[in-house]
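The values are calculated or read from the model by the stated rules, or taken from the named source; none is laboratory data. It should be emphasised that the depicted structure is a prediction, and the values quoted were computed from it without experimental measurement. Glycine gets a Cβ as well: all are built from the backbone with ideal geometry, and neighbour counts include every protein chain shown.
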Amino acid sequence: MAAYLVNRVPPYLNRNISFLWLGQLISQAGDSVTHMAVIWLMLELTGSPSLTGFIAFAATAPALIFGLFSGVLADHYRRRTLMLISDLARFFLILLIPLFYSLDMLTPIVLALIVFSAASFGTLFNPSRDAIIPELVQESQLLRVNALIQSTGYLAYFVGLFGAGMLLSALGLVNLFFLDAVTFLISFFLIMLISYQRVERRASSYENRHLTELKKGLRYVIRDDRRLFWIILITALNNLFIMGPAVVGTPLLIKEVWDGSGRDFAFIESSYGVGMLLATIFVYRFASRYKKGTWLMFGLIYDGLSFIPLFWVGRIGIDPFWLTLSIIFIHSLGIPFIQVTRTTLVHSIVPGHMQGRVFSMINLAVIGVMSISVALTGILAEWISPRSIFLIIGIGAALSGLMGLSMKTIRNAD
């Protein structure tokens, strides 16, 4: 079946990218289900905004703790092997959630420990995946392949969450984790089929290699190419504002405004996948005509401004479910302008032997800072309404993009 599907993909894609694409499509569909199910499960178990923020923190803190070292590993070990380890570990760990639930042992602490462990192995995957792409395709194909890989995640997000919304009543929330675990196993076998000759080789021996190489990566970003320093810093600032409300604020909004269900949450979250997929088609066709740095900063500005309308959900006479879904869809249209252009920009301006470390720093700025943002959002939601939070963070996130757009070196980065 896998071989048949690979033969059906467009001819400009090689076999390795095809297997990577299929693995991403399947595993990220399952992962999107867990992203939704873990948040809603904690909300149902406890009803606490702060504990909901805590479980989101557990899912993202590993990027803050291990993210930079994962990039070092991606630059000095076989990236395919690291992805295999990541998938297999997450397969076994996600299976523990329904197992502990069936034994009546799934406390908030146990759930947080499982989620933290799975996310820790997950930090190996993204830097390895992003850094392996230039080894699998020619430089002229990078924008096209990056758009494809990112759009795969968007399609998977929609398929996974829309499917979860449809299956939730029949299977129950906890049983959705079985589906997620299986997707990691399928991804594992597809990545095993990738075969390539790595371009660069790691040094055979060097003193304190991980710490030394990490310092080299930090020095490269801070001293050698200041564009990367500012891009990473602005990305971190934007995500500090945006990610907590996006992850924790949305389910709290659904619960608070109209006492919505997990099914409502799944359907609303699935609209991200549709919007991001449509916008990726536009990025693929037109983004190469303009400076990538400019696209990136406009994307960050839009990222913030498009969240502000959530402040009016439940206040203007429009059904809150459809209004929230529409706003999330409109918001999602800007995300590919951030993710696709940023990934391609790194491929364009960063030497191959440094890309794993740079991608890990970006991952730290995105997911690592998210861990701080979700924890703060959970605490803040104990005091003010989620709608007010969206208003505040939307303004702050847009200002971070304006800061980058005001810098000529960032605007002209390409």
Starting from residues that are outside any helix (DSSP H, G or I) and modelled with pLDDT of 85 or more, keep the ones in region 213-262 and report whichever is surrounded by the most Cβ atoms within 10 Å (Cβ to Cβ).
GLY260
Can you list residue pairs whose Cβ atoms sit under 7 Å apart, with the first residue in region 292-320 being closer than 15 Å to ALA413 by Cα and the second being in a loop (DSSP other than H, G, I, E, B)? Count only pairs 6 or more apart in sequence or on different chains.
LYS292/ALA413; LYS292/ASP414; GLY293/ASN412; GLY293/ALA413; GLY293/ASP414; GLY299/GLY334
State whether one or more residues within region 44-53 are in a helix (DSSP H, G or I), in contact with an Asp or Glu (Cβ under 9 Å, 6 or more places away or on another chain), modelled with pLDDT of 75 or more and surrounded by fewer than 18 Cβ atoms within 10 Å (Cβ to Cβ).
yes
Just checking, which of THR152, THR81, THR107 is more than 22 Å from the chain's Cα centre (by Cα) and more than 16 Å from PRO62 (Cβ to Cβ)?
THR107
Quick check: is even one residue across region 85-92 closer than 15 Å to SER27 by Cβ, surrounded by 21 or more Cβ atoms within 10 Å (Cβ to Cβ) and over 18 Å from the mean Cα position of the chain (by Cα)?
yes
Select, from ARG90, ARG129, ARG144, the only residue that is at pLDDT 90 or above and basic (Lys, Arg).
ARG90
Taking region 155-188, which residues are among the hydrophobic types (A, V, I, L, M, F, W, C) and free of Cβ contacts under 8 Å to residues at least 40 places away in the same chain?
MET166, LEU167, ALA170, LEU171
Can we say LEU345 is modelled with pLDDT under 80, more than 30 Å from TRP258 (Cβ to Cβ) and either part of a loop (DSSP other than H, G, I, E, B) or not small (Gly, Ala, Ser) (or both)?
no
